[in-house]
Amino acid sequence: MASRDIRVLVVDDSAVVRSIIAESVAAAPGMELVGTAADGRQAMELLDCVRPDVITLDIQMPNMDGLTALDAILARRPLPVIMVSSLTTRGASMTLDALDRGAVDYLAKPDYGAGTRSALLDDLPRKIRTAAGLDVRRILEIRQERKQRRAEESHRRLPLQKDHRPAAMALADKCIAIGVSTGGPPALARLFESLRAPMPPMVVVQHMPASFTKPLAWRLDSLGELSIREAANGDLLEPNHVLIAPGGKHLQVRRHGASVKAVVRQGSPVSGHMPSADVLMKSVAETFGKDCLGVIMTGMGRDGADGCREVRARGGYVLGQDEGSSDVYGMNKVAYVEGNVDRQFALSAAAAVLTRHVRSRWAAAPRN
């Protein structure tokens, strides 16, 4: 029996953008455009009538904005919602809020002519197909669990101390490299709000546009003890510090005498992405050898799977997020199926699993 077409509702206050998205959906095999709306109120009026499988939702709209509409939609029906965001710092911040609230993915659109059309036509059908297969109810449960946990811990958490360098000196020559994509921002938030110093230097590839990675780093930095920022060329890798690869550029590491520094460079996409987790992990594996821990998390595609293989080939260890706690069991599934993950972990236990690895294998100094 042939599968039913994916029913798509398009919500955007721009008639031009609505038209482009409608064109993309109509041209894609296996998809049906079931309605369009100019704001969140219209979307809510159409929701029960057209019964979409996936919604594309603009963030900045009159009458009812995207975040308010997202909350209302998910309260009524646990549907996959893809946020459509401008390539601005404000757009990035609101997109991260939307992902925290239960949106499953986002699409960033440049605010100019041909670039907007290309952005909306190239990636949208693939994102819609992936979104249609997601268990949104489970994703919402994971988000809610994190929200409740943060509320509980806020009452008993000690004041944050960002400098544990004396206790972390034993970890200066180790490194943790993380690759993550779809579902990554909430997953990274869950990890970094729970990690405690001392930790070795950490480097992260999250597939995102250039204007999104700096706001992501700011947000993650505010959550816990580790210092987190967007990487710049020449940054020193230090214990208790995390470098996020800038969107649109590759991040590698290179040894300079006794130090290791970040190399941020332009290039071609690798494994379909720039930044690429494969590029980062291979670089870290070559530089740190057995003192490298690779971590592959939720995301579409296979980026990072080859990097995980290189980490293990050089004597390092690889942890992979499990299927049950992943928004999209893709990158981490490929690495696991190909035999390049030593152990899987649930997102709720991610910080504990990484900490155990650091303490047991790398003999980290105890906290004061």
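Note that region 6-134, at 4 °C in a medium of 1.567 mPa s, gets a Stokes-Einstein diffusion coefficient of 92 µm²/s from its Kirkwood radius over C-alpha pairs.
The fraction of Cα-Cα pairs per 5 angstrom bin, counted from 0 for region 165-362, comes to 1, 9, 19, 23, 24, 17, 6, 1, 0 percent, rounded to whole percents. Measure nothing fancy, just the Cα-based angle from helix 277-288's long axis to the longest principal axis of the chain, in degrees from 0 to 90, nearest 10. The helix 277-288 is inclined about 0 degrees to the chain.
Structure remark: mean-square fluctuation, Gaussian network model of the chain, C-alpha springs under 10 Å; the largest value among 219, 196, 76 belongs to 76. By other beta-carbon atoms within 10 Å, ranking 273, 207, 256 with the fewest at the front produces 256, 273, 207. Given the options 316, 234, 102, which has the most mean-square fluctuation in a GNM of the chain, springs set between C-alpha atoms less than 10 angstrom apart? Looking only at 316, 234, 102, the biggest GNM fluctuation is shown by 234.
For the residues 286, 32, 45, a GNM of the chain with alpha-carbon springs under 10 Å puts the largest fluctuation on 45.
For the listed residue pairs 109/290; 109/333; 127/147, the alpha carbons are over 31 angstrom apart in 109/290. Semi-axes of the equivalent ellipsoid of region 171-218 are 20, 12, 10 Å, computed as sqrt(5λ) over the eigenvalues of the C-alpha gyration tensor in descending order. So what's the angle, to the nearest 10 degrees on a 0 to 90 scale, between helix 210-221 and the longest Cα principal axis of the chain? Taking Cα atoms only, the helix is inclined about 60 degrees.
Sorted from longest to shortest, the spans of the Cα atoms of region 179-245 along the three principal axes equal 29, 28, 19 Å.
The charge dipole of region 6-134, taken about its Cα centre with unit charges on the Cβ atoms of Lys, Arg (+1), Asp and Glu (-1) only, comes to about 240 debye. With each label modelled as a point 7 angstrom along the Cα→C-beta vector, the residue 129-residue 75 pair spans 3.5 nm. Of all DSSP beta bridges in region 165-362, what percent run antiparallel (nearest 5)? Beta bridges within region 165-362, antiparallel portion: roughly 25 percent. Relative to the dominant Cα principal axis of the chain, helix 350-362 is inclined by about 20°. Placing +1 on the Cβ of every Lys and Arg and -1 on the Cβ of every Asp and Glu, with no other charges, gives the chain a dipole of roughly 1160 debye about its Cα centre.
The calculated FRET efficiency for residue 118 paired with residue 145, based on their beta-carbon distance and R0 = 45 Å, is about 0.75. Taken about its Cα centre, region 239-368 carries a charge dipole of roughly 560 debye when the Cβ of each Lys and Arg holds +1 and the Cβ of each Asp and Glu holds -1. Note on region 61-104 and region 235-313: Cα centroid distance 30 Å, given to the nearest whole angstrom. Which value in nm describes the separation of the simple spin-label points at residue 349 and residue 23, placed 7 Å from the Cα toward the beta carbon? Once both label points are built, they end up 5.0 nm from each other. A simple spin-label model places the labels of residue 170 and residue 255 2.2 nm from each other, with each point 7 Å out along Cα-to-Cβ. Dipole of the chain (Lys/Arg Cβ +1, Asp/Glu Cβ -1, origin at the Cα centre): which of 30, 279, 83 lies farthest to the positive side? It is 279, whose Cα lies furthest towards the positive end.
Could you calculate, for the chain, the ratio of the Cα radius of gyration to the Kirkwood radius, expressed as Rg to Rh?
Here Rg/Rh amounts to 0.98.
For the chain, the relative contact order is 12 percent, taking Cα pairs closer than 8 Å that sit 6 or more residues apart in sequence and dividing their mean separation by the residue count.
No lab work stands behind these numbers, since they all come straight from the coordinates. Small disclaimer: the values here were computed from a predicted structure and weren't measured. Counting neighbours? That spans all protein chains shown, and the Cβs are built from the backbone with ideal geometry, glycine included.
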